[in-house]
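The structure appears below as structure tokens.
The values are calculated or read from the model by the stated rules, or taken from the named source; none is laboratory data. Keep in mind the model is a prediction, meaning the values are calculated, not measured. All Cβ positions, even for glycine, are placed from backbone atoms using ideal geometry, and neighbour counts span all protein chains on display. Each accessible area value is taken on the protein alone, full model and side chains, heavy atoms only, with ligands, DNA and RNA left out. Shrake-Rupley method; radii C 1.70, N 1.55, O 1.52, S 1.80 Å.
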Amino acid sequence: MSTERRTAVLAAACWIVAGVVYLATEAVAAAAFDGYSYATNYISDLGIPEVGTSGGRAIDSPLAWVMNTGFIAHGVLFAAAAALFAPRVTTTLRRWFVALAVTHGIGNVLVGLVHSGTTSADTSYGFLHGVGAGMAIVGGNLTIVVVGLSLRRAPAERSLGTVCLLLGVVGLLAVTALLVDGGSSSVDVLPDGVWERISVYTITAAELLLGVVTLVGARRLSRS
């Protein structure tokens with residue numbers, strides 16, 4: 001196997017596993033959380049280990065460790081995938097791509113290590129959860145925007161680049177709507193959980209798409 005193909009396969013594997021791990025750990029943790037709502041609960045509610053309330057929402061996530069493991073694993077895998085995929089990004093955008101991907105990865109690790117909820121908020125480092133969430137959501141969607149802009153410069157990958165670019169923009173608009181909608185009593189377009197999931201799932205959709213397309217491309221390399 002050539003070095004180019006090996007790198008492509010590893011990148012594809014990291015993209016795909018990152019997305020699958022995230023969705024799987026979220027689903028497992030949510031299934032164990034009695035009364036959990038994908039629409040009204042935040043994703044971070046699944047990672048709070050103590051029983052109580054957070055923002056007026058009842059919290060009881062017996063598999064919080066599963067969700068937190070998913071956050072951390074996803075962050076590490078996303079950053080690794082981006083590092084392996086970086087040679088395919090144009091030189092002018094490569095540093096931004098890697099830096100933003102690492103920002104996303106660190107943000108996910110912070111979210112997994114520092115939980116939301118009353119107990120965390122009462123500590124001197126509880127603010128790191130919000131910082132991590134911002135880094136993960138904004139950094140991840142900007143990563144997708146940058147890779148989309150890069151791929152659009154190659155005629156053969158223009159369609160893939162366009163889809164990534166659109167996903168990243170939608171994600172950024174969704175997190176903006178979350179801040180406006182969730183922070184205002186006069187604006188109530190969609191529940192907070194819906195806005196948050198749109199802003200996160202755009203990243204998941206893009207990494208799975210990049211993984212599958214990269215894997216198909218690697219198989220073609222083996223036949224050439």
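Worth pointing out:
- The lone exception for SER150 - which of (1) open to solvent by less than 30 Å² (accessible area, probe 1.4 Å); (2) small (Gly, Ala, Ser); (3) within 26 Å of VAL194 (Cβ to Cβ) it fails: (3)
- Scanning segment 4-41 for residues that are modelled with pLDDT of 95 or more, of a type in the set (Ser, Thr, Tyr) and either outside any helix (DSSP H, G or I) or open to solvent by 40 Å² or more (accessible area, probe 1.4 Å) (or both) returns TYR36, SER37, TYR38.
- Meets criteria (touching an Asp or Glu at 6+ places or on another chain (Cβ under 9 Å), assigned to a helix (DSSP H, G or I) and over 15 Å from GLY117 (Cβ atoms)) for PHE78: yes
- Condition met for VAL98 (open to solvent by 60 Å² or more (accessible area, probe 1.4 Å) and of a type outside the set (S, T, N, Q)): no
- Taken together, GLY130, GLY70, GLY112 contain a single residue that is within 15 Å of the chain's Cα centre (by Cα), surrounded by fewer than 19 Cβ atoms within 10 Å (Cβ to Cβ) and either under 18 Å from ASP45 (Cβ atoms) or not small (Gly, Ala, Ser) (or both), which is GLY130.
- Flag if ALA83 is surrounded by 23 or more Cβ atoms within 10 Å (Cβ to Cβ), within 26 Å of LEU208 (Cβ to Cβ) and at pLDDT 95 or above: no
- Every residue from segment 42-67 that is assigned to a loop (DSSP other than H, G, I, E, B), over 21 Å from SER199 (Cβ atoms) and at pLDDT below 95: PRO49, GLU50, VAL51, GLY56, ASP60
- Residue in segment 141-152 that is in a loop (DSSP other than H, G, I, E, B) and either out of contact with any strand residue (DSSP E or B) (no Cβ under 8 Å at 6 or more places or on another chain) or among the basic types (Lys, Arg) (or both) present: yes
- Among the residues listed as THR7, THR25, the single one being over 23 Å from GLY134 (Cα atoms) and of a type in the set (S, T, N, Q): THR7
Quick grid of which residues meet (1) under 25 Å from ALA29 (Cα atoms); (2) not hydrophobic (A, V, I, L, M, F, W, C):
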| residue | (1), (2) |
| --- | --- |
| THR53 | yes, yes |
| VAL66 | yes, no |
| ARG88 | no, yes |
| VAL138 | yes, no |
